[in-house]
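Worksheet: one structure, shown below.
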Amino acid sequence: EAEIKYCQWVKPAMVCQIKFSEWTRDNYLRQPVFLGVREDKSPTELIREN
């Protein structure tokens, strides 16, 4: 896709809590809402929730 052509991948440095309604078929978050930074979590211990 044209959008991915300009994408720059980075290593996670911090953890944020996000609320969302669902994952789309294209693996995007539908209606995401930023809830805050999670300083009690390390980026290396996270997993994707469904």
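Checking every one of the GluC sites (Glu not before Pro) in the chain against DSSP loop status and a limit of 14 other Cβ atoms within 10 Å picks out GLU1, GLU39, GLU49.
Put simply, the Cα atoms of the chain extend 37, 25, 17 Å along their principal axes, the longest span coming first. Approximating the spin labels as points 7 Å out from Cα along Cα→Cβ, the GLN17-to-ARG38 distance works out to 0.8 nm.
Taking θ as phi - 60° and the Karplus parameters 6.51, -1.76 and 1.60, the scalar couplings of segment 13-24 work out to 10, 8, 10, 10, 9, 10, 9, 8, 7, 5, 8, 7 Hz in sequence order, x denoting glycine and proline.
Amide H to amide H, with H built 1.01 Å from N, ARG38 comes under 5 Å of VAL15, CYS16, GLN17, counting only residues 5 or more places away or on other chains.
With Cβ to Cβ distances under 14 Å as the rule, what net charge do the other residues near ILE47 carry (K, R +1; D, E -1)?
Details: positive: ARG38, LYS41, ARG48; negative: GLU45, GLU49.
In short, +1.
Exposure proxy shown here: for ARG48, ARG38, ARG30, the number of other Cβ atoms within 10 Å sets the order, fewest to most, as ARG48, ARG30, ARG38.
The numbers here are math on the coordinates, done by the rules we state, and not lab data. All of these numbers come straight from a predicted model, not from anything done at the bench. Virtual Cβ from ideal backbone geometry, glycine too; neighbours counted across all protein chains shown.
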